[in-house]
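The values are calculated or read from the model by the stated rules, or taken from the named source; none is laboratory data. The structure displayed is predicted, hence computed values, not measured ones. Backbone-built Cβ (ideal geometry, glycine too); neighbour counts: all protein chains shown. What goes into the accessible areas is simple: the full protein's heavy atoms, side chains included, and nothing from ligands, DNA or RNA. Shrake-Rupley method; radii C 1.70, N 1.55, O 1.52, S 1.80 Å.
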Amino acid sequence: ASDETKTANTPTVPAAGLGNGPLSLVVSGIRQLTPIFRAIELRDPHGADLPKVEAGSHLKLPVILSNGKTAVRHYSIASNPARRDIYEIAVLREDQGEGGSAFVHQYYQLGSLLHCELPKNDFRLSSNARSALLIAGGIGITAIKPMAQTLAASGNAFEMHYAAASQGDMAFGDRLRRDLGAQLHCYFSDQGPRLAIDELLQNADKDSDIYVCGPSRLIDAVLEAAKRYGFDEEQVHYEHFSATKTIENRPFNVVLKRSNKVIPIQANQTVLQALDDAGIDTL
């Protein structure tokens, strides 16, 4: 019986690859960054240059959930935007989730073929020359790291503040220390002192742009402190690294105003996931 259960729950990955988007990518490298963070390197199957991206870009990659349904998940492109040969993502394995991250960890193997949409960007660096304050929490570093690399290459003044549970949970830690030196400030919950957002923004240059990616509580703390210490709203840029689930965890429907389509949202889904699963482009 156990063998039958295992077989029934094992996703069948199509030989032609997952997804049906216009951009074909092949997994060309896998690195275990920490016990729960895995980096996946993606290339063009024929070695061609990939579409140009800027810091803050992301990919919508195909996965098969634990319920057997095919879906997409959003992953920041964490590699240096100046590179055209690869995209790199980093995925946090969440065993209590719907199975998307677990699928990436288990089934994205060397040679795996993916067909996805072209990269998109809703978290761009400002075009002005102001100094930048970069704040990352946990896996939020995947969106912030390319910003630091872009700013360093352009000569813009910046500093990065990176909070993680422990030094062992610090994704890209060796590379960031090597490349950023004194511009990098790290905070580990198991060691202290922790990242003090209030103090950081109180003492920050009030002409700086602030970029933050991480858990909702981190973003909320930055937004509140920025307002308290005189930063304009346009100076604060943020992106959640994961969608927030509905508070009451009950099924409900979303009506799309333009098309009048009714999209059912299950209790274990976010609105974004349901729209993605229904093939609705939300970006």
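Structure summary
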quantity: Residues located in region 113-132, provided they are aliphatic (A, V, I, L, M) and over 30 Å from Asn203 (Cα atoms); calculated: Leu113, Leu114, Leu118
quantity: Breaking point among (1) at pLDDT 95 or above; (2) buried (at least 18 other Cβ atoms within 10 Å of the Cβ); (3) farther than 15 Å from Ala78 by Cα, for Gln183; calculated: (2)
quantity: Those residues of region 22-33 which are surrounded by fewer than 17 Cβ atoms within 10 Å (Cβ to Cβ) and more than 13 Å from Leu118 (Cα to Cα), in sequence order; calculated: Gly29, Ile30, Arg31, Gln32
quantity: Any chance Ile36 is in contact (Cβ under 8 Å) with a residue 24 or more places away in the chain and surrounded by fewer than 16 Cβ atoms within 10 Å (Cβ to Cβ); calculated: no
quantity: Test for Ala90: is it assigned to a loop (DSSP other than H, G, I, E, B), hydrophobic (A, V, I, L, M, F, W, C) and at pLDDT 95 or above; calculated: no
quantity: Residue selected from region 186-228 under the condition more than 25 Å from the chain's Cα centre (by Cα) and open to solvent by less than 50 Å² (accessible area, probe 1.4 Å), by the criterion nearest to Phe172 (Cα to Cα); calculated: Gly192
quantity: Options Ala55, Ala78; residue that is within 21 Å of Thr34 (Cα to Cα), open to solvent by less than 10 Å² (accessible area, probe 1.4 Å) and under 15 Å from the mean Cα position of the chain (by Cα); calculated: Ala78
quantity: Test for Ser126: is it more than 17 Å from the chain's Cα centre (by Cα) and touching a residue at least 60 places away in the same chain (Cβ under 8 Å); calculated: yes
quantity: Residues being at pLDDT 95 or above and of a type in the set (Gly, Ala, Ser) - total across region 119-130; calculated: 0
quantity: Residue in region 81-92 that is more than 30 Å from Leu180 (Cα to Cα), open to solvent by 40 Å² or more (accessible area, probe 1.4 Å) and among the acidic types (Asp, Glu) present; calculated: no
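Rundown of residues vs (1) of a type in the set (Val, Ile, Thr); (2) at pLDDT 95 or above, yes/no style:
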{"residue": "Ala1", "(1), (2)": "no, no"}
{"residue": "Ala15", "(1), (2)": "no, no"}
{"residue": "Leu23", "(1), (2)": "no, yes"}
{"residue": "Ile30", "(1), (2)": "yes, yes"}
{"residue": "Ile40", "(1), (2)": "yes, yes"}
{"residue": "Leu50", "(1), (2)": "no, yes"}
{"residue": "Gly68", "(1), (2)": "no, no"}
{"residue": "Tyr75", "(1), (2)": "no, yes"}
